[in-house]
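To start, the structure under review is shown below, and the notes come after it.
The values are calculated or read from the model by the stated rules, or taken from the named source; none is laboratory data. These figures come from a predicted structure and were not determined experimentally. Backbone-built Cβ (ideal geometry, glycine too); neighbour counts: all protein chains shown.
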Amino acid sequence: MKHSKISFLSLLLGLLLFLAPLFPDVQIARPKLLVLEIGTFILLLFFVVKSVFSENIKFKKTNFNLPVIAYFSYLTFAYIFSPTKYVALSEFKRMLLCILIYFISANSGGLTTVLSGFILGSTLATLYGLLQHWGNFTFFNLVINVPKLDRVFSTFGNPIFFGAHLVIFLPVLLGLLVYFYSWGKNFLGLLFGIIFILGTIALYFTKTRASWIAFAFSLLLFGILNLKSKKVKMIFVGLTAIFCSVFIVMTKNVWLRHQAHPLIWRDTLKMWLDSPFFGTGPGTFHINFPKFASEDLLKIWPQKQQIINDAHNEYIQILAELGIVGFGIFFWLIFNFFSFCVKIFKKYSDTKEIFILTGLVSAVSGILIQNIFSVDMRFIISAFYLFLLIGLVYSFEENEICIKLGISKPAKILLTLTILFLFGIFGFDKKSNIYLFSLVNFNLKSMQIKIEPSCDGTGLLPQILKPYIAQKKLSKEPDFFDERVLEPYKTISELEKLVNMPEKEFMKKMGVSKEKLPVAIAKIYEKIAWVYAKEKNFVKAIENYEKSIVLNPGEPGPYNNLGNIYFLMNNRKKAIEYYKKSIEISPGQIDAHTNLGIAYYYEGLLKEAAEQFNLVLNLDPKNEKAIVMLKKMRE
């Protein structure tokens, strides 16, 4: 195979593609995504440092470079001027990761190594997906516990995501299958054929209509591109149409499954027409869409019960979020890619590499078709693989850009250290501690070393780790009801005796003046209410918080706590009312803004919720609750 020269970069990329499918994709925690982000980070770091010491920066000169830079520049501009930056950040990060993996895969070399890792990891994920259909698996006396599922999703957390991965995986596999058979390597061809059949069965078990359509299209395209005779092509198209018709009839229950996609598409177009040129902003669909959701859609998916995160059509969603400008740049990307495909097909048409190329292009085309009915590209994992394959197609480009650095060895060392600092391998956090890999922290004052995750430093690595560390820290925080008062009703009795004392006796015992007496009594009522709340006696807790407010209406705490109680009692409208009163008294309260955002979220008021979390993160960029809630809102 041409382009098969092994490089260390291709080995690293192949290892990443082997490992990524083996990690689970769990909502909020997202181990699979963490592996992809950290892996891409390592690949980029290696490429940059290697380029510095080799004195030349070489990369492919492709027609994809300019539109991808334009698209990212447009997203960057939109992110910078977004009123809700922390909402737009997820979309900004998604596109950055996609551009990086495109750049790395196009310039890694070692296509055989890269595809080997991709095929092996995806095959293992496919086998696990098949096991999920049948449940527990017994091998001799060893029982492998696998959950039995009606719609399999392997390690991808969702049948749609697994289906999207198979749509990417299977055409590439088919291309390799034909390639090895053409070389007479029948064993490898047979092995890939078996894997292809198993993958097709797994795709069937996902029961994902968009993936079925995309897979059928990719197979049709692969056949048309590789069959030479027009007559054979027509027969192939006819047989494919007959097979698809029979398949649709046999699986009619899946095809007739209720969906509201046309209603969402219609309402998304209304959303676009409200901001036609520049859209509502990157990543903002889910917070703006409720305003445009029609009554007939809300009858199917009530706002307080279902969050419509996406348009279920990637292209309409791009139009709504980025306007006609962003939409136009995106299609510039796609147009340039297929223009290059036409050019490269002509060059390799008489070689066996054409089968690998058509497999890659069919996979890219399949996922683009799937996103007419879905938004898999909106989720980083599917988008990552799409841009990976685009990069692998561009690895066949022979033209290169070479930038000579021409700097001395000391300058190279200094430049490398600067790169390591910018990437966040080492640096200083806000407390002026030296950190290494965002894991090892050295305190300059106490001269102590601590090994603990930190997202407080500068650089790329801390920013990658930030949401994952926030989730981990938040999961370890005790619940309000976990910490109990030792003798609650004895404590309440003693506090009530205090507030029932004659004024003079109380002032003498507590050491307060006549002027400060109401505030002191209010504090005791607040403490009584807190203990009642711990015991889940919410009626008594409300009664005592209200007494505290009567005596000291300028204290924000009781309002916030009353909001918490009403929230726990599922009276979210009342909770919102009290959170707002608390914020009116003290606008800088992080806790009250966070609570208000959570209440808005559960009321289906996503735009209002996002505004509160954005405000919280402006006040406290490390706030775990706000970071996790923004992720939860998107997922």
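One table, with the values for the structure above:
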read-out	value
Of residues in region 482-535 being at pLDDT 85 or above and among the small types (Gly, Ala, Ser), the one surrounded by the most Cβ atoms within 10 Å (Cβ to Cβ)	Ala529
Lone unmet requirement of (1) crowded, with 20+ Cβ neighbours inside 10 Å; (2) more than 27 Å from the chain's Cα centre (by Cα) for Lys412	(1)
Which listed residue is farther than 24 Å from Thr208 by Cβ, surrounded by 22 or more Cβ atoms within 10 Å (Cβ to Cβ) and not basic (Lys, Arg), from Leu333, Leu388, Leu392	Leu392
Within region 251-279, tally of residues that are of a type in the set (A, V, I, L, M), surrounded by 10 or more Cβ atoms within 10 Å (Cβ to Cβ), closer than 22 Å to Phe217 by Cα and out of contact with any Phe, Trp or Tyr (no Cβ under 9 Å at 6 or more places or on another chain)	0
Among residues of region 496-541, those that are among the small types (Gly, Ala, Ser) and out of contact with any helix residue (DSSP H, G or I) (no Cβ under 6 Å at 6 or more places or on another chain), counted	2
Region 261-287, subset among the aromatic types (Phe, Trp, Tyr) and part of a helix (DSSP H, G or I), residue modelled with the highest pLDDT	Trp272
Hits in region 292-324 - residues which are in contact (Cβ under 8 Å) with a residue 60 or more places away in the chain, more than 20 Å from the chain's Cα centre (by Cα) and surrounded by 14 or more Cβ atoms within 10 Å (Cβ to Cβ)	Gln303
Residue in region 389-400 that is in a helix (DSSP H, G or I) and at pLDDT below 95 present	no
2 or more residues surrounded by fewer than 17 Cβ atoms within 10 Å (Cβ to Cβ), in the same structural domain as Glu496 (by TED's automatic domain parsing) and without any contact (Cβ under 8 Å) to a residue 60 or more places away in the chain: qualifying helices (runs of 4 or more DSSP H) within region 536-592	538-551, 572-585
Residues that are touching a Leu at 6+ places or on another chain (Cβ under 9 Å), among the aliphatic types (A, V, I, L, M) and either surrounded by fewer than 24 Cβ atoms within 10 Å (Cβ to Cβ) or not in a helix (DSSP H, G or I) (or both), drawn from region 192-217	Ile195, Leu198, Ile201
Region 52-78, residues that are over 24 Å from Asp376 (Cα atoms), in contact (Cβ under 8 Å) with a residue 40 or more places away in the chain and not hydrophobic (A, V, I, L, M, F, W, C)	Glu55, Asn56, Lys58, Lys60, Lys61, Thr62, Asn63
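Results for (1) at pLDDT below 90; (2) crowded, with 17+ Cβ neighbours inside 10 Å; (3) closer than 28 Å to Arg30 by Cβ, shown as yes or no for each residue.
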| position | (1), (2), (3) |
| --- | --- |
| Leu43 | no, yes, yes |
| Phe46 | no, no, yes |
| Lys50 | yes, no, no |
| Phe59 | yes, no, no |
| Asn65 | no, yes, no |
| Tyr71 | no, yes, yes |
| Leu75 | no, yes, yes |
| Tyr86 | yes, yes, yes |
| Leu89 | yes, yes, yes |
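To keep it simple, each residue is scored yes or no on (1) in contact with an Asp or Glu (Cβ under 8 Å, 6 or more places away or on another chain); (2) part of a helix (DSSP H, G or I).
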residue: Glu494; (1), (2): no, yes
residue: Leu498; (1), (2): no, yes
residue: Met501; (1), (2): no, no
residue: Met507; (1), (2): no, yes
residue: Val512; (1), (2): no, no
residue: Tyr525; (1), (2): no, yes
residue: Ala529; (1), (2): yes, yes
